[in-house]
Amino acid sequence: MPGLLGKKIGMTSMFSEEGKNIPCTILEVGPCVVSQIKTNEIDGYEAVQIAYDEQKESRMSKALMGHLKKANSKAVKKMVEVTPFDIEVNLGDILTVDLFEEGSFVTVVGTSKGKGFQGVVKRHGFAGVGDATHGQHNRLRAPGSIGAASYPARVFKGMRMAGQMGNERVKVENLQVLKIMSDRNVIIVKGAVPGAKNSYIIIEK
Amino acid sequence: MDLTTTISKELVTKLDLPNFKAGDNITVYYKIKEGSKERIQFFKGDVIQRKGSGSTETFTIRKISNGIAVERIFPVNSPSIDKIELNKSGKVRRARIFYLRELTGKKARIKESRK
């Protein structure tokens with residue numbers, strides 16, 4: 001599915017025709033330059049590399065700048081490969097929000113907000129152990145038992161424990177496109193999108 | 001101004017409402033749907049706050065109904081609002097007059113502002 005790079009701008013709400021108040025997310029999407037087309041013959045797989053978010057040329061390495069010059073692209077902050085890219089594109093093409101239609105459904109990929117190293121209560125919704133009082137010592141948010149003893153004599157793989165939470169790639173499917181503002185390169189989708197404000201997102205048709 | 005505020009202002013179709021603020025006594029006529037029928041109901045009371053901006057702006061309105069205080073929050077730009085009548089413009093020193101919740105009887109009156 002063809003995809004574009006963009007940024008999450010923030011959330012607001014709008015009224016539907018029936019008068020319902022709909023929460024929605026504002027996304028700045030594109031314009032993206034097709035910076036490389038990967039083919040089976042040369043690269044062993046098919047993908048389209050797109051470049052987004054202009055920046056100063058002095059901030060880029062000469063090697064990367066040379067790569068972008070091939071596609072007549074300006075200096076950019078972010079590049080990503082999208083595969084499969086169902087529509088025909090050529091090197092140097094500029095893709096804009098016009099790729100999408102109002103009312104259609106899109107997939108948005110983002111990086112969720114990082115929560116740091118979290119315990120099982122926050123990370124997996126465990127209830128904790130026992131009471132807060134009545135002689136309870138320090139086990140309030142503990143995970144409890146993680147398995148039996150001499151049989152199986154090990155902890156099963158995938159046992160839910162404390163660890164890093166958030167700051168991972170999250171994909172949300174079937175978000176409805178409510179509005180497209182092509183003069184601003186803005187798409188408004190229904191509902192929430194993973195990640196913080198100004199974080200990069202990939203929006204796929 | 002950041003892009004969220006700008007766009008959120010563009011998303012609303014402004015209704016032709018009178019300028020009201022906290023302390024004012026207004027009547028809100030709003031449409032309610034019952035099955036396929038639509039009728040208009042009104043809610044009369046004092047505005048105790050206006051909150052937010054753009055498409056998410058709301059106001060809270062308070063009235064005493066049969067001795068029980070009722071508060072309702074309306075989005076300012078809700079399409080279900082038919083019209084708003086400004087009955088009295090009050091003279092208050094605060095933008096949010098929550099102290100009214102603790103007052104009853106004669107103390108809960110709001111002075112009318114004379115312009």
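Every number in this text was worked out from the coordinates using simple rules, so none of it is lab data. None of these values were measured; they are calculated from a predicted model. A quick note on method: Cβ atoms are made from the backbone with ideal geometry, for glycine too, and the neighbour counts reach across all protein chains shown.
What is the Cα centroid distance between region A:44-89 and region A:121-156, reported in whole angstrom?
Spelled out, the Cα-based centre of one part sits 49 Å from the other.
If each residue's Cβ is checked for other Cβ atoms within 10 Å, how do A:24, A:32 rank with the fewest at the top?
A:24, A:32
Using the Cα centre as the reference, give the magnitude of the dipole from point charges on the C-beta atoms of region A:1-150 (Lys, Arg: +1; Asp, Glu: -1; all else neutral), rounded to the nearest 20 debye.
For region A:1-150, the charge dipole is close to 1220 debye.
Sorted from fewest to most neighbouring beta carbons within 10 Å, what does the list B:34, B:57, B:112 look like?
In order of increasing Cβ crowding within 10 Å: B:34, B:112, B:57.
Evaluate E = 1/(1 + (r/R0)^6) for residue A:112 and residue B:17, where r is the Cβ-Cβ distance and R0 equals 41 Å; express this FRET efficiency to the nearest 0.05.
0.55
Pairs of Cα atoms under 8 Å, at least six residues apart: use those to get the relative contact order of region A:12-160, whole percent.
17 percent.
Rounded to the nearest 500, what is the 222 nm mean residue ellipticity of chain A from helices alone, with -39500 (n - 2.57) per DSSP H run of 4+ residues and division by all residues?
Estimated from H runs of four or more residues: -2000 deg cm²/dmol.
Arranged by the count of other C-beta atoms within 10 angstrom, fewest first, what order do B:82, A:98 take?
A:98, B:82
Name the residue farthest towards the positive end of the dipole of region A:86-195 from the options A:193, A:111, A:130, assuming +1 on Cβ of Lys and Arg, -1 on Cβ of Asp and Glu, about the Cα centre.
A:130
For region A:106-181, run through the chymotrypsin sites (Phe, Trp or Tyr not before Pro) and keep only the ones in DSSP coil with at most 13 other Cβ atoms within 10 Å of their Cβ.
Loop-located and lightly packed - A:156.
Under a Cβ-only charge scheme (Lys and Arg +1, Asp and Glu -1), can you give me the dipole magnitude of region A:115-165 about the Cα centre, in debye to the nearest 20?
The calculation lands at about 260 debye.
Holding the Cα-Cα limit at 32 Å, pick out from A:122/B:31; A:179/B:63; A:171/B:9; A:20/B:91; B:9/B:83 the pairs that are longer than that.
A:122/B:31; A:179/B:63; A:20/B:91
Work from the charge dipole of the protein assembly as shown (Cβ charges, +1 for Lys and Arg, -1 for Asp and Glu, about the Cα centre) and give the residue of A:166, B:103, A:14 farthest towards its positive end.
After comparing all options, I get B:103.
Amide H neighbours of residue B:24 under 5 Å, at least 5 residues apart or on other chains, H built in the peptide plane: list them.
Residues meeting the criterion, in which the H sits 1.01 Å from N, are B:47, B:90.
Figure the gain on full extension for residue B:96 and residue B:44 (residue separation times 0.36 nm, minus the Cα-Cα span) and round it to one decimal in nm.
Computed gain between residue B:96 and residue B:44 is 16.9 nm.
Using a simple charge model, +1 on the beta-carbon of Lys and Arg, -1 on the beta-carbon of Asp and Glu, nothing else, what dipole does the protein assembly as shown show about its Cα centre, in debye to the nearest 20?
2440 debye
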